[in-house]
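Below is one structure, written out as structure tokens; the observations come after it.
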Number of protein chains: 2
Amino acid sequence: MPRSFTENEVIERIETMRRRRPDFKDRHITMSHGSGGKASRQLVEGMIIPALDNPALALLGDAALLDVEGSTIALTTDSFVVSPLRFPGGSIGELAVNGTVNDLACLGARPLALSAGLILEEGLSSDVLEAEVQAMAAAARAVGVPVVTGDTKVVERGKCDGLYINTTGIGLVAEGRMLGPGYVRPGDTVLVSGTIGDHGMAIMLARGELDISADLDSDTMPLWDVAQALMTAVGDDLHCMRDATRGGVATVLNEIAMTSQLGVIVREDQLPLRDAVVGASEILGIDPLYVANEGKLVAFVAPDRAEEALAAVRATPQGADAAIIGEVAVEPEGRVLGRTTFGGHRIIDMLVGDPLPRIC
Amino acid sequence: MPRSFTENEVIERIETMRRRRPDFKDRHITMSHGSGGKASRQLVEGMIIPALDNPALALLGDAALLDVEGSTIALTTDSFVVSPLRFPGGSIGELAVNGTVNDLACLGARPLALSAGLILEEGLSSDVLEAEVQAMAAAARAVGVPVVTGDTKVVERGKCDGLYINTTGIGLVAEGRMLGPGYVRPGDTVLVSGTIGDHGMAIMLARGELDISADLDSDTMPLWDVAQALMTAVGDDLHCMRDATRGGVATVLNEIAMTSQLGVIVREDQLPLRDAVVGASEILGIDPLYVANEGKLVAFVAPDRAEEALAAVRATPQGADAAIIGEVAVEPEGRVLGRTTFGGHRIIDMLVGDPLPRIC
């Protein structure tokens, strides 16, 4: 069993992915292209990546790694279009900082600096804007990463929804650190750093479109402490981390299963879930495995180090509810299999459509 | 006369700028906050920078410089919201790549990699999107910088205007390279790399709101060759470069005058102007000095090297129309003075309002 892929194997895998690229044939953009699920993948892999073709982009991570004079620099970008701008437990400004910090953290990259690109709608209240700039500042201070450059554009009323924020981050990867779907191997234990589905459900409830009230906050938080704790505790036996945002834990597991061409088995009775999320999910008929998180990562760890890894995550303030939720197997190749409470099993597929648009 | 500022002097200047910070008192965002002129400056300096307070951001450049394990990395971000998406001479995709490349180039930073954050409006034609992704790819190839990571969000109809693009770039600054408003000194020659006002006027005409037709293309192009030519030709006698986008050459000169607390004298009869720009400006009553460029930089050079610098720029494919347009003086402190063709003079102030919204 290879510990990791050689450069040739990585190239071969990229070639395989290229051959398997989904066709993009839709004539217009629909909300489902923003879901993080199947339609998003078709758009990104079927059109955007072929056009911008280069090896770093083809690896399909949430961030790229670059060699800059011998240092490994991670670069990641995210635009935030969440509606409403403020919701229980957070707001777009906080989300914009934490989201980009978390993409860096999952690459094992110490966040160094962020940029902020603001698109403002004419007529936006200055108080609303100031609150979000302050929220960005507070989140940046909390994780110790400065916002070093920015840009502000204004568009006419009806050409934006108050405020959109792009944050791009650079981070520094420790020498020799190898993390990513290419390092996942059969037998790996899958753990999640806390309860799942909190963010997406909190946003859905905050929109007030549903006749449900529940005491549920977004989980937006930075994951650099959790990532560091994992790296320190188990070193190279940590194989991959990914934050489970749009499309939720199910989407992350599918992406890793597809990239590694291995199977992921999820023990559905082990998923850490808040009661409010379980309740809302049942009423809405939405599987919390597909609901976005903004402060949870999924980690793949060598099985003999899994308990150590779990203890390390649980010892962080952000990881108290961490749990082992499954393992990697040779089969089903490229798929995610759920073992249900009643002993049955089901294929946990990529999300089709977008049940919860604009949650980040 | 100091060659450049010491670290203490830079800190002192930041403190001075802090004390002089404009108040931001507007209750709502208006289009003029996106102009690059006075209202933009009030918003950025009066609210955003104080909130996100850190030394890199306070220096107010279009990009930040970061020390990463001994290398100097430049980071810059820009969101593009131009309307229409395609215009004579270019389109939003090409603009998004060139704009960010040019911010890096003006710091003397070799562009290394770009990120792309796309915000798409539900219902956008896939052909339109693909054309812009291809335009980004072509522009990136032309300057030899890969787009290494990206993000795609979709918002409902009426919450965007087809397509907005954020590009963030990182670049590498050669060791010891010192460029910026802090290095400008009295006597410096001011040169511009070509004709001014082309981009903004081309967009204005492309919107078809005016009953004017003119054969005028946007000047969108990458300036890394021009920047390299200047650095190679005159080395440390090149003191500052800045690309003259929103708010045009007048805005760049005002920013540098304010930051350096020196005066800039513009010889208005020396400005390189296309006939079509002169004609449209007269009809519209808009001064081309305030009209955006997307492929022109302003450079400050030691006077005894100015002719060498000019020749070097003119020798590049992008700089054939370069011209010397003025010089730096001790007075008027922090202001820009125009010497007119008739021997008179006028203060060229910061832009108030936004005569040409959404030109980038």
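Numbers for the structure displayed
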| item | result |
| --- | --- |
| Sole exception among (1) under 27 Å from B:A137 (Cβ atoms); (2) β-branched (V, I, T); (3) more than 13 Å from the chain's Cα centre (by Cα) for B:T220, by number | (3) |
| Breaking point among (1) open to solvent by 10 Å² or more (accessible area, probe 1.4 Å); (2) touching a residue at least 60 places away in the same chain (Cβ under 8 Å), for A:N98 | (1) |
| Subset tally (residues that are free of Cβ contacts under 8 Å to residues at least 60 places away in the same chain and polar (S, T, N, Q)) for region B:151-201 | 1 |
| Filtered residue count, region B:141-153, keeping only those that are within 7 Å of chain A (Cβ to nearest Cβ) and either more than 27 Å from A:C160 (Cα to Cα) or open to solvent by 10 Å² or more (accessible area, probe 1.4 Å) (or both) | 4 |
| Test: residue in region B:204-221 that is open to solvent by less than 20 Å² (accessible area, probe 1.4 Å), modelled with pLDDT of 95 or more and of a type in the set (A, V, I, L, M) | no |
| Unmet requirement for A:E331, which otherwise passes all of (1) crowded, with 21+ Cβ neighbours inside 10 Å; (2) modelled with pLDDT under 95; (3) over 26 Å from A:G169 (Cα atoms); (4) of a type outside the set (K, R) | (1) |
| Residue list for region A:64-81, filter: open to solvent by 10 Å² or more (accessible area, probe 1.4 Å) and more than 7 Å from chain B (Cβ to nearest Cβ) | A:L65, A:D67, A:G70, A:T72 |
| Residue match in region A:88-102 (condition: outside the structural domain of A:S193 (by TED's automatic domain parsing), assigned to a strand (DSSP E or B) and closer than 20 Å to B:P146 by Cα) | no |
| Count - residues of region A:73-110 that are touching a helix residue (DSSP H, G or I) at 6+ places or on another chain (Cβ under 9 Å) and under 25 Å from A:L129 (Cα atoms) | 25 |
| Residues of region A:116-152 that turn out to be touching a Leu at 6+ places or on another chain (Cβ under 6 Å) and small (G, A, S), as a count | 1 |
| Whichever residue in region B:167-180 is within 14 Å of chain A (Cβ to nearest Cβ) and small (G, A, S) and, among such residues, is surrounded by the most Cβ atoms within 10 Å (Cβ to Cβ) | B:G169 |
| Qualifying residue in region A:38-55 (condition: at pLDDT below 75 and not in a strand (DSSP E or B)) | yes |
| Residue in region B:181-191 that is farthest from B:G279 (Cα to Cα), counting only those that are open to solvent by less than 10 Å² (accessible area, probe 1.4 Å) and in contact with a Gly (Cβ under 9 Å, 6 or more places away or on another chain) | B:V190 |
| Meets criteria (more than 30 Å from B:G285 (Cα to Cα) and within 11 Å of chain A (Cβ to nearest Cβ)) for B:V184 | no |
| Pairs with Cβ under 7 Å, 6+ apart, first in region A:101-130 and closer than 21 Å to A:T77 by Cβ and within 11 Å of chain B (Cβ to nearest Cβ), second open to solvent by 20 Å² or more (accessible area, probe 1.4 Å) and among the acidic types (D, E) | A:D103/A:D62; A:D103/A:D78; A:G117/B:D78 |
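The values are calculated or read from the model by the stated rules, or taken from the named source; none is laboratory data. Quick caveat: nothing in here was measured; it's all calculated off a predicted structure. Cβ sites come from the backbone with ideal geometry, for glycine too, and all protein chains shown count toward neighbours. With ligands, DNA and RNA removed, areas are computed over all heavy atoms of the protein, side chains included. Shrake-Rupley method; radii C 1.70, N 1.55, O 1.52, S 1.80 Å.
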